[in-house]
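The values are calculated or read from the model by the stated rules, or taken from the named source; none is laboratory data. Nothing here was measured: the structure is a model prediction, and the numbers come from that model. Counting neighbours? That spans all protein chains shown, and the Cβs are built from the backbone with ideal geometry, glycine included. These accessible areas exclude ligands, DNA and RNA; they are computed on the full protein's heavy atoms, side chains included. Shrake-Rupley method; radii C 1.70, N 1.55, O 1.52, S 1.80 Å.
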Amino acid sequence: MQHGIFSPFKLLLAAAFALCTSLALAQTTELRVLTHSSFSIPKPLLAQFEKDAKVKLRISKGGDAGEMLNKLILTRANPIADVVYGIDNSLAPKALAAGVLDTYSGPAASASSRVSLPAPLVPVDYGYVTLNWDKAWFAKTGMALPRSLEDLTQSAYARLLVVQNPATSSPGYAFLLATIGAMGEEKAFDWWARMRANGLKVSKGWSEAYYTEFSRNGGKHPLVVSYATSPAAELFYAKDRPTEPPTGSLALPGGVFRQVEGVALVRGGKARAAAEQFIEFMRSTAVQQQLQTEMWMFPAQASVAKAEVMVHAPEPSAFSAPSEQEIATKGAAWVQRWTQVVLK
């Protein structure tokens, strides 16, 4: 009789305990991933990672890479993420100085890579910030392509180029660094001053520059700071199936910056084991293949072949940048000086 009375109660207790346990597990296995706004991995791949790692992903897009890093720095006392993706070689010195990243020594940290980043960042992908040109515009006008950055200061090329503000845009900052790396600080800012006088257009970010100001998309400027992979992306997404991209990449000396993006543990983050698994996931063959036509970057993993469409995105043979130490100590001052020279 007593067994019959208490059995439902015991079952209820067991069910409540199971519910509490599952809730606790759900709380402890959430993985917080902070990325820049361009992060894009196919949902089936992310779902497979959740299943394999037994975690629930919470991906937060923190805006442009620079904005994302600032959020990480401002919240370091109480980290908003366990793992971060999208800090690149232009921002790495700032991230390391701020002490927001934690050591990782798993397989991906020592895997064969086409590019490198300072530890504890593990390289995931790389690309080239460079000029893009509108083939139809140049064909229609018959104007010759510029052969140097110096050409762009001439009256024939007045008001043709749109760039992004380095204070608000990572490609804009990368392009500024390329000019300083190639010419030296004084000559670079002299070039920027002459570009301002020649009608240089400045936009806040890449999307505005490319989709609003670039003549390919209805704007007035046939030259834009973008990526070496942008022509391949134009071809990939074109509905009329052209055999050649409508745009081209123009690798002028002093106008090319190689951007390397990485993933790292966040110091003070939680779910450490899952965060480490995410780093390995970002270097997995599946992700390295997919990111090429999702984020339009080249794979860091040396064993992963480039996507077929990347034949339309040849890698520039040369690129320029100041040293990591110079970027760390002078980067902020360069942006301020650029603002004075170009905008004020």
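Which residues, taken from region 52-103, are of a type in the set (Gly, Ala, Ser), outside any helix (DSSP H, G or I) and more than 15 Å from residue 274 (Cβ to Cβ)?
60, 62, 63, 77, 86, 90, 99
Counting only residues that are at pLDDT 95 or above and open to solvent by 80 Å² or more (accessible area, probe 1.4 Å), how many does region 318-329 have?
Total satisfying the criteria: 1.
Look through 262, 255 and report the one residue that is assigned to a loop (DSSP other than H, G, I, E, B) and at pLDDT 95 or above.
None of the others qualify; the one that does is 255.
Tell me which residues, restricted to region 288-317, are more than 15 Å from the chain's Cα centre (by Cα) and either open to solvent by less than 40 Å² (accessible area, probe 1.4 Å) or among the small types (Gly, Ala, Ser) (or both).
301, 302, 303, 304, 305, 307, 309, 310, 313, 316, 317
Got at least one residue in region 184-204 being closer than 21 Å to residue 259 by Cα, at pLDDT 95 or above, out of contact with any strand residue (DSSP E or B) (no Cβ under 8 Å at 6 or more places or on another chain) and open to solvent by 10 Å² or more (accessible area, probe 1.4 Å)?
Looking through region 184-204, at least one residue is closer than 21 Å to residue 259 by Cα, at pLDDT 95 or above, out of contact with any strand residue (DSSP E or B) (no Cβ under 8 Å at 6 or more places or on another chain) and open to solvent by 10 Å² or more (accessible area, probe 1.4 Å).
Restricting attention to region 171-210, which residues are of a type in the set (Ser, Thr, Tyr) and more than 21 Å from residue 157 (Cα to Cα)?
The answer is 173, 207.
Would it be correct to say that residue 342 is within 30 Å of residue 188 (Cα to Cα), touching a strand residue (DSSP E or B) at 6+ places or on another chain (Cβ under 8 Å) and assigned to a helix (DSSP H, G or I)?
yes
Among 232, 238, which is the only one that is out of contact with any helix residue (DSSP H, G or I) (no Cβ under 7 Å at 6 or more places or on another chain) and open to solvent by less than 40 Å² (accessible area, probe 1.4 Å)?
238
Looking at residue 268 and the list (1) closer than 16 Å to residue 83 by Cβ; (2) crowded, with 17+ Cβ neighbours inside 10 Å, which single condition is not satisfied?
If we test residue 268 against (1) closer than 16 Å to residue 83 by Cβ; (2) crowded, with 17+ Cβ neighbours inside 10 Å, just (2) comes out false.
Quick one: which residue in 209, 167, 174, 178 is among the small types (Gly, Ala, Ser), under 20 Å from the mean Cα position of the chain (by Cα) and in a loop (DSSP other than H, G, I, E, B)?
167
Checking residue 260 against (1) β-branched (Val, Ile, Thr); (2) farther than 21 Å from residue 319 by Cα; (3) open to solvent by less than 30 Å² (accessible area, probe 1.4 Å): exactly one of these is not met. Which one?
Of (1) β-branched (Val, Ile, Thr); (2) farther than 21 Å from residue 319 by Cα; (3) open to solvent by less than 30 Å² (accessible area, probe 1.4 Å), only one is false for residue 260: (2).
Please indicate, with yes or no, whether at least one residue in region 294-313 is farther than 30 Å from residue 107 by Cβ and either touching a strand residue (DSSP E or B) at 6+ places or on another chain (Cβ under 7 Å) or at pLDDT 95 or above (or both).
Yes, region 294-313 contains at least one residue that is farther than 30 Å from residue 107 by Cβ and either touching a strand residue (DSSP E or B) at 6+ places or on another chain (Cβ under 7 Å) or at pLDDT 95 or above (or both).
Which members of region 271-285 meet the condition of being β-branched (Val, Ile, Thr) and open to solvent by less than 10 Å² (accessible area, probe 1.4 Å)?
279
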